[in-house]
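Right, one structure below, let's go through it.
Every read-out reported here was derived from the displayed coordinates using simple, explicitly stated rules and does not represent laboratory data. Here the structure is a predicted model, which means the values were calculated and not measured. Cβ atoms come from the backbone with ideal geometry, glycine included; neighbour counts cover every protein chain shown.
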Amino acid sequence: MSEPAPSTIWSTVAERGSIGALRFLAWFHNTLGQRASWILIYGAAVYFYLRTGVARAASRQYLEALAASPEGRAALGGPPTRLSVFRHILEFSINIFDRVVVWGGGIDAYRFTHDESGKLFSAARTGRGGILLSAHLGSFDMLRVLSDEYGLVVNVLMYTDNAERINRFFEKLDPRSTVRVIPLDPSSMRTTFTIRSCIERGEFVAVLADRLSPGARERVAQTTFLGRPTAFPLSPFLLGGVLGCPVFVALCVREGRSHYRTLLRSIGDRSGVPRAEREKYGQDLLERYVAILQEHCIRTPYQWFNFYPFWPKA
Amino acid sequence: MADLQGLELEIKKLIIEVLALEDVAPEEIESEAALFIEGLGLDSIDALELAIALEERYGVTVEEDPEKNQELFSSVRSLAGFVTENRTK
């Protein structure tokens, strides 16, 4: 709970290799139904809520930032309370449960709708790859499933020493899977050249661009997010300009029971950006990305899943 | 040998231009010194930008191979050697 990044969860699950447990949960969900599943979901949420003070504090910090704007306050229906913190953690519990069910092969129980995805699918049809900027908002994992369904090749960048193991795990889980994990290694030149090769093959490269990497030296961009000065990693936003490829914001949020909505919005498609302007173009992309995050924090206020102090000294 | 030195200077100028190191003079970059992480402290986006610029200027192809690249981008001298061997323009 303290570190709910998909990378960590993927590593953990892949390490334990508990495909049997995933299949059991999917079976449980499909056989006993959503109502029985709520027992597990609520149970986990209560446990998380009681056990993780860090997550409660982080949730409150986020909800307070959101409630500081009139739209955010309206979305929450008032100032944050202990109940809203619980609701936030409950939403995370639902998120994990759904993800596990889908991993276990239970995708048929879910309905997906798509927003603004035309540009991405048409880029994919013409063999043009692109950068997908995602966030710890909603379910990154549902995007993975979707890419499998539509035959998009998606490479997911993440900090891990276990890329090979995670890749093997997903292959075993679904042999048709077209998602691969690329290890992000800031201490070598490997990552960016791998990204370029993917884009040149017409594939997509997804990165969670809302978190600074733990302990790594990297370029940082400052902007205002939910009314507070916030640091974001700059590199993901530079790639589009350097490689001259389309850039999309890719999110998948839960709309209701077993219903997810994907948003794949094109935020930039410039090639031949002069070198002197690349940093500026990167900053522009960051601003567009942050605007979309804020829009979704208001639309689905409980699906922001950064359960750690997001604004360290706020 | 004079050619190689000329090429090294050209590459130093290219590095400064591509990576907008306005406060660095070409003479300050040592031909054998490390460029990335240590040395000039460039990162992997810088390496990619530099690779693209070298490809445009000299018609070389920088591949994905991480070990080769680690060596290739280790210094101006290794870049100059690579360009000399592989240039098509």
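Please work out whether segment A:6-299 counts as rounded, prolate or oblate from its C-alpha gyration tensor, where a ≥ b ≥ c are the square roots of the eigenvalues and a/c under 1.5 means rounded, while otherwise a/b larger than b/c means prolate and anything else oblate?
oblate
Highest mean first, what order results for A:218-225, A:246-253 on Cβ atoms within 10 Å?
A:246-253, A:218-225
Decide, for segment A:30-117, between rounded, prolate and oblate: order the square roots of the alpha carbon gyration tensor eigenvalues as a ≥ b ≥ c, take rounded if a/c falls under 1.5, and otherwise choose prolate if a/b is larger than b/c, else oblate.
oblate
Which whole number gives the average, over all residues in A:193-199, of C-beta atoms from other chains lying within 10 Å of the residue C-beta?
Across A:193-199, the average partner-chain Cβ count within 10 Å equals 4.
If you plug each phi of segment A:267-283 into the Karplus form 6.51 cos²θ - 1.76 cosθ + 1.60 with θ = phi - 60°, what whole-Hz ³J(HN,Hα) values come out, in order, with x for Gly and Pro?
Whole-Hz 3J(HN,Hα) from phi for segment A:267-283: 10, x, 8, 10, 10, x, 5, x, 4, 5, 9, 5, 5, 5, 4, x, 5.
Once the mean 1/r over all distinct Cα pairs of segment B:2-86 is inverted, what Kirkwood radius in angstroms do you read off?
Taking every pair of different Cα atoms in segment B:2-86, averaging 1/r and inverting gives 12.7 Å.
Helix-derived [θ] at 222 nm for chain B: sum -39500 (n - 2.57) over DSSP H runs of at least 4, divide by residue count, nearest 500?
Calculated mean residue ellipticity at 222 nm is -17500 deg cm²/dmol.
Over segment B:2-86, what is the relative contact order in percent, taking alpha-carbon pairs closer than 8 angstrom and at least six residues apart?
36 percent
List, in order, the whole-Hz ³J(HN,Hα) value for each residue of segment B:7-13 obtained from phi through the Karplus relation with A = 6.51, B = -1.76, C = 1.60 and θ = phi - 60°; use x for Gly and Pro.
Calculated HN-Hα couplings, in order: 5, 4, 5, 4, 5, 4, 5 Hz.
As a test of the formula, what do you get for chain A when each DSSP H run with n ≥ 4 contributes -39,500 (n - 2.57) and the sum is divided by the residue count, at 222 nm and rounded to the nearest 500 deg cm²/dmol?
-16500 deg cm²/dmol
Restricting everything to alpha-carbon atoms, can you work out Rg to Rh for segment A:180-314 with a Kirkwood hydrodynamic radius?
0.96
Give the relative contact order (percent, whole number) for segment A:55-114; include only Cα pairs under 8 Å separated by 6+ residues. Walk me through the numbers before you get to the answer.
Working: 21 pairs, mean separation 15.2, N = 60.
This gives 25 percent for segment A:55-114.
Over all Cα pairs of segment A:122-249, how is the pair count split among 10 Å bins, expressed in % and running from 0 up to the last occupied bin?
It works out to 12, 43, 35, 10, 0, in whole percents.
Rounded to the nearest 0.05, what FRET efficiency do A:HIS259 and A:LEU212 give with R0 = 25 Å and r taken as the Cβ-Cβ distance? Could you check?
With R0 = 25 Å, the Cβ-Cβ based efficiency is 0.20.
Quick one: which residues, 5+ away or cross-chain, put their amide H under 5 Å from the amide H of A:ARG180? H built at 1.01 Å from N.
Here A:VAL154, A:ASN155, A:VAL156 satisfy the definition.
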